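See structure below.
The values are calculated or read from the model by the stated rules, or taken from the named source; none is laboratory data. Keep in mind that this is a model prediction, so the values were computed, not measured. When the accessible area is computed, the model is the full protein with side chains, heavy atoms only, and any ligands, DNA or RNA have been set aside. Shrake-Rupley method; radii C 1.70, N 1.55, O 1.52, S 1.80 Å.
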Amino acid sequence: MKAQLRTILWLAAAGLASAVAACSPDDSSASGDERGDALGRANGPRVTTLTLEHEPVTFDQPATAHVTLWGSDRELADASASAVERYEIQVGALPVELELNIPNSPHERIDQGHGPVAREDARYYFSVTVDVGRDGKLCASDFVQNFDRTDFSSFGEAPPDAYTIIVKEYGDRCRPLDD
């Protein structure tokens, strides 16, 4: 029963909620750590492996990868996403795999000015910049997400276990990272 329940909960987390309709997520014989949350994840932080893909390049000194996990309510139109978690990670080369601790109940961190967001209405996406010069600006030597080669994906209910973003050199003008 536990294995069946975990499989059904995993399917629900993958977006196949109709498979869950026939089963209650409560298995009172399992401990809290075994049971996990309603999406079938174990209690505690979830980890997403984010790969920044680019042809191999090694930096003279560590660069700062700025990764933001954004969240929004799928029920709201024309509302800006809010930063759920920001990460600053030192990287020495590309490509690189980054282990990101996703906060528990990330939907509770979404603040679009319209009250709480239900877990099932939450949507997430990542944005990435790599500040090679570590000067707080995006310039020619820095890297940004390549939207022409990376499909823009938003994730329902929780970010995936693994995701790849292709990055490219920023360009020939400089601008502050915050813009």
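Being modelled with pLDDT of 90 or more and in a loop (DSSP other than H, G, I, E, B) is a property that does not hold for ARG149. In segment 155-173, of all residues being in a strand (DSSP E or B) and of a type outside the set (Gly, Ala, Ser), the one that is nearest to GLU120 (Cα to Cα) corresponds to PHE155. If only residues of segment 110-138 that are open to solvent by less than 20 Å² (accessible area, probe 1.4 Å) and in a loop (DSSP other than H, G, I, E, B) are counted, the one that is nearest to THR49 (Cα to Cα) is ILE110. The set of residues in segment 141-163 being farther than 14 Å from LEU52 by Cα and open to solvent by less than 50 Å² (accessible area, probe 1.4 Å) consists of SER153, PHE155, GLY156, GLU157, ALA158, PRO159, PRO160.
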